[in-house]
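Data first, discussion second: the structure below is written as structure tokens.
The values are calculated or read from the model by the stated rules, or taken from the named source; none is laboratory data. Bear in mind the structure is a predicted one, so any value in this text is a computation, not a measurement. Note: ideal-geometry Cβ built from the backbone for every residue, glycine included; neighbour counts use all protein chains shown. Keep in mind that these areas ignore ligands, DNA and RNA; they rest on the heavy atoms of the full protein, side chains included. Shrake-Rupley method; radii C 1.70, N 1.55, O 1.52, S 1.80 Å.
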Amino acid sequence: MSVRLIVRILSEICVTIGAVIVLFAAYTLFWTGVVAEDAADGAVVRLRQEWARLPAATRPGAPAAPSVPAAPSVPSVPSVPSAVPPPPVPSVPAVPDHPPRTGKPYESGRPFAIMYIPRFGADWAWPVLEGTDPGTLRKGLGHYAGTARLGATGNFSVAGHRRTHGDPFRDFPRLRPGDAVVLGDGTTWFTYRIRNEPYRTVPGDVGVVDAVPVKSGFGGPGRYLTLTTCDPEWGSSHRLVVWARLDAEQPVTRGEPAAFHS
Amino acid sequence: MYGWIWRHLPGNAWVRALIALVLALAVVYGLFQYVFPWAEPLLPFNDVTVDGQ
């Protein structure tokens, strides 16, 4: 075998490897975003269509269910005066328990809610899917299985990519105390208010998604939300965490929450 | 390597070029559809959860 042939095969292998690396970079930086945004937009549209088809009378809790005062077991949630509804009209029999706590269990890998964070822009809307495995997080935000249901007492915890797969949490460090995190599940709007500046921790710090996270400063049981993503931006050595507390909730029949317009 | 493939493709130069293009696209499709999705979780910027691992 001639030296010329060996050199040629070696250089062809090197060129091939280089091309594959360039393609992989294009896949990671660009194509995962295309796929994720496509999947997320599709999920958002499907959820909205599904929710629009729900007849008002069969919507659990709408329109007769009392909203904020319906949580007698959660005295620590402050009620915002504007969020307190007028006395319910008894045209539809009231639902005995609070809808988010009685719904059917979330189906793994399926979207069940849409999250809005006005700080990230008016058009920022991502579906929340059940579970946090990589295949699920490719399609949107992931709800930690085993943490509380949306709007229920406990800690509704959600993870999202900071980079790649659509960069949903790219602006995570810009979150500030008081920022709204709005979630809709088709029947109810939940407005959570962030309590802390992004808190940096290590990946093994699973306590941040506890029902009452120790480092969050929350005094006792309540209806909380936790968002997690990676830190640094392109690394995985740490995690960024924000905690939020349920601030207001209202049935969708009463229109969009005020947080969208503030 | 590429020379060997070229020599073993049938037809004249145009047909060979067309087949080579289709083969290249098939390889790219396979990479994007199967290889990269498998390799990508091995990179660091995929870990966004706290999991104690």
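Comparing the full protein assembly with the isolated chain (1.4 Å probe, heavy atoms, ligands and nucleic acids excluded), the residues of segment A:1-26 losing at least 10 square angstrom of accessible area are A:Arg8, A:Ile9, A:Glu12, A:Ile13, A:Thr16, A:Val20, A:Leu23, A:Phe24. For chain B, with all protein chains present and a 1.4 Å probe, just round the carbon and sulfur fraction of the accessible area to a whole percent. Result for chain B: 73 percent of the exposed heavy-atom area is carbon or sulfur. In segment A:194-209, comparing the full protein assembly with the chain on its own, the residues that lose 30 Å² or more of accessible surface at a 1.4 Å probe are A:Pro203, A:Val206. Ordering of A:158-166, A:207-215, A:225-233 by packing is A:158-166, A:225-233, A:207-215, highest average first (other Cβ atoms within 10 Å, averaged per residue). Each residue of segment A:101-141 gets 84 Å³ once the volume of the Cα convex hull is shared out per residue.
Calculate, for A:Val214 and A:Ser236, the FRET efficiency according to 1/(1 + (r/R0)^6) with r their C-beta to C-beta distance and R0 35 Å; round to the nearest 0.05. Display every interim value, and only then the final one.
On the way: r = 23 Å, r/R0 = 0.67.
Calculated transfer efficiency: 0.90.
Taking the accessible area of segment A:190-253, probe 1.4 Å, and keeping the other protein chains in place, the carbon and sulfur fraction comes to 55%.
Total buried accessible area between A and B, probe 1.4 Å, nearest 100: 2400 Å².
Please identify which residues in segment A:11-29 have an amide N closer than 20 Å to a label point set 7 Å out from the Cα of B:His8, following the Cα→Cβ vector. Flagged as within label range: A:11-17. Take segment A:122-262 with all the other protein chains still there, run a 1.4 Å probe, and you get 34 Å² of accessible area per residue.
Put a dot 7 Å past the Cα of A:Val15, heading toward its Cβ, do the same for A:Val44, and the two dots end up 4.4 nm apart.
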